[in-house]
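Heads up: the structure comes next, in structure tokens.
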Amino acid sequence: MLSEKTINIVKSTVPLLAEAGTVVTEHFYNRLFSHNPELQDIFNMANQRSGRQQFALFNALAAYAQNIDNLDVLKEALARINHKHTSMHILPEHYPIVGGHLIGTLKELIPEQFTPEVEYAWREAYALLADICITEEAALYEHSKTKHGGWSGTREFTIANKQVESELVTSFTLVPNDGKAVITHKPGQYLGIKVKPTDAQYSEIRQYSISQQSNGENYRISVKKELLPAAGIVSNHLHSLEEGSVVGLYPPAGDFFLRSYSKPAVLISAGVGQTPMMAMLQTLLSDSSDQAITYLHACENADQHSFAGFLTEQVSAHSRLSSYTWFNQGGEGADFTGLMDVSVVAEQLPLGGGDFYICGPTGFMAVIKQQLLDLGVDTARIHYEVFGPHQDI
Ligand SMILES: Cc1cc2nc3c(=O)[nH]c(=O)nc-3n(C[C@H](O)[C@H](O)[C@H](O)COP(=O)(O)OP(=O)(O)OC[C@H]3O[C@@H](n4cnc5c(N)ncnc54)[C@H](O)[C@@H]3O)c2cc1C
Ligand code: HEM
């Protein structure tokens with residue numbers, strides 16, 4: 001329990017964190033990586049360069065400080081962070097390191113505001129937050145380790161099959177080298193994958209949604225090539241690997257998953273955002289429920305349309321499944337041309353009672369969420385996944 005005084009001091013320093021500009025966040029990460037270079041094997045250094053992750057930590061701390069006397073508000077956000085952390089095997093011993101550099105940064109950069117009294121309050125508050133995370137993450141690790149087919153840390157998997165799905169996306173079937181079972185995943189969850197590309201300075205960890213329903217034997221991920229120069233450290237490395245190559249996987253994690261089998265579901269994706277939807281769709285179709293499933297997908301054109309054949313087969317095999325496709329550039333195979341507008345299929349949607357799942361670029365997801373809200377869908381029934389550091393949409 002934190003004292004009233006600590007709570008007040010921490011709350012009064014919210015603006016310090018919320019307004020932490022690039023100078024503060026850069027200082028923190030430089031300090032972290034120069035004192036603890038081994039952490040560069042855990043952090044996504046491309047996210048560091050693009051600045052996307054830097055603010056995530058400070059924003060989370062500011063939100064924590066703001067709600068320090070009502071932590072229930074942060075439950076969902078913390079669960080998401082805890083899942084993400086376990087997909088990279090963040091351990092209790094990492095917390096004092098991060099906490100120390102955080103306090104050190106604030107002391108060095110804003111010495112006037114960060115008085116010994118403020119420092120003391122923040123040390124206490126950080127210790128409490130670290131404790132909450134460590135406890136939650138321990139429970140997730142315990143689950144992944146002790147359930148049938150589970151494990152801890154990285155486990156070696158061989159790429160048993162590579163399947164080109166479209167111009168940009170290739171699927172990889174990953175089979176455990178020990179030949180044993182693999183833990184079941186909730187449809188929508190992702191794997192942490194650890195590789196060391198030949199020309200990379202550090203090991204790299206990335207998350208990839210599992211793009212098939214659970215089968216207890218293997219996983220499938222489907223990875224989009226990055227076309228921008230100097231990007232694509234892991235995705236392009238995976239594309240270059242031959243069948244038979246070995247990669248390290250952390251157990252499935254993630255809090256974006258199918259919520260219900262007994263309600264209609266609408267699976268909405270753009271581009272490679274189809275991957276968690278594939279797991280959800282397969283799982284729903286193999287369930288005996290007769291609830292309607294609507295699959296909405298947007299991509300550039302037919303060449304970039306992944307899983308097209310699979311979807312056509314499923315639509316003819318299951319009368320409760322309907323599928324609508326938007327090609328931005330138009331062309332054969334699309335129901336609509338241009339950007340997705342869910343209002344054109346509104347009559348087919350369970351606006352009053354179904355669950356809506358969205359995955360794609362954040363701009364796309366924000367537009368679709370707004371369209372759904374405009375059609376009267378309750379925000380609590382809209383779920384989404386960001387393929388990078390989380391952003392509210
Ligand atoms: C929960 C989750 C699920 C995911 N599921 C999938 C999935 O199913 N399929 C999939 O393909 N991806 C998925 N991703 C994304 C994936 O984890 C990787 O982020 C993606 O493959 C890119 O990683 P990379 O190493 O190839 O590219 P990186 O080299 O990390 O580059 C990624 C981006 O960072 C930017 N960047 C890189 N270097 C710089 C720089 N110097 N300056 C500025 N910007 C830079 C570029 O814009 C580039 O597009 C998921 C991510 C999350 C968080
Ligand atoms: C209480 C302390 C911490 C808080 C509040 C925190 C918060 C966050 C947040 C908000 C994210 C982004 C989550 C998302 O993508 O949605 C994140 C990701 C991450 N965190 Fe933490 N974190 C903490 C401690 C740690 C520690 C101790 C480590 C280990 C050294 C760590 C390593 C990471 C890494 C590697 C990522 C992924 C970022 C990337 O690679 O781009 N975090 N954390």
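Just so it is clear, none of the values below were taken in a lab; they were calculated from the coordinates. Here the structure is a predicted model, which means the values were calculated and not measured. Cβ sites come from the backbone with ideal geometry, for glycine too, and all protein chains shown count toward neighbours.
Observations on the structure shown:
- Principal-axis tilt of helix 362-374 within the chain, Cα atoms, nearest 10 degrees: 70 degrees
- In degrees, nearest ten, helix 75-86 long axis to first principal axis of the chain (Cα): 90 degrees
- Compactness of the chain - radius of gyration and Dmax, Cα, Å: 22.1, 69
- Placing +1 on the Cβ of every Lys and Arg and -1 on the Cβ of every Asp and Glu, with no other charges, gives the chain a dipole of roughly 440 debye about its Cα centre.
- Think of it as helices only: each DSSP H run of n ≥ 4 in the chain is worth -39500 (n - 2.57), and spread over all residues that comes to -12000 deg cm²/dmol at 222 nm.
- Ignoring aspartates and glutamates fewer than eight residues from Lys194 along the same chain, the ones with Cα atoms less than 18 angstrom from its Cα are Glu38, Asp41, Glu156, Asp178, Glu204, Glu226, Glu242, Glu243.
- The mean sequence distance of close C-alpha pairs (under 8 Å, at least 6 residues apart), as a share of the length of the chain, puts its relative contact order at 14 percent.
- Put the Cα centre of segment 158-236 next to the Cα centre of segment 62-115 and the gap is 29 Å.
- Whole-Hz ³J(HN,Hα) from phi, Karplus 6.51 cos²θ - 1.76 cosθ + 1.60, for segment 101-113, glycine and proline x: 6, 5, 5, x, 4, 5, 5, 6, 8, 10, x, 5, 7
- Of the residues Trp122, Ile134, Gly150, the one whose Cα sits farthest towards the positive end of the charge dipole of segment 74-153 is Gly150 (charges of +1 on Lys and Arg Cβ, -1 on Asp and Glu Cβ, taken about the Cα centre).
- Directionally averaged projected area (segment 155-253, Cα convex hull): 6.2 nm².
- For segment 307-349 and segment 132-155, distance of Cα centres in Å: 38 Å
- Counting only the Cα atoms, segment 265-385 fills a convex hull of 98 Å³ per residue.
- Computed from Cα atoms, the angle from the helix 308-317 axis to the main principal axis of the chain rounds to 60 degrees.
- FRET efficiency for the pair Ala380 and Glu119, taken as 1/(1 + (r/R0)^6) with r the Cβ-Cβ distance and R0 = 41 Å, rounds to 0.55.
- Cross-link partners for Lys369 among the aspartates and glutamates, with Cα-Cα distance under 15 Å and sequence neighbours closer than 8 places in the same chain left out: Asp341, Asp355, Asp378, Glu385, Asp392.
- Taking other C-beta atoms within 10 angstrom as a stand-in for reagent exposure, Leu2, Leu71 fall in the order Leu71, Leu2, fewest first.
- Between Glu204, Glu93, Glu136, the residue with the greatest mean-square fluctuation in the GNM of the chain (Cα pairs under 10 Å linked by springs) is Glu93.
- Of Lys162/Lys224; Lys147/Lys180; Lys145/Lys196, pairs whose Cα-Cα distance is over 19 Å: Lys145/Lys196
- In terms of the mean number of neighbouring beta-carbon atoms within 10 Å, the peptides 235-242, 195-202, 296-303 order highest first as 296-303, 235-242, 195-202.
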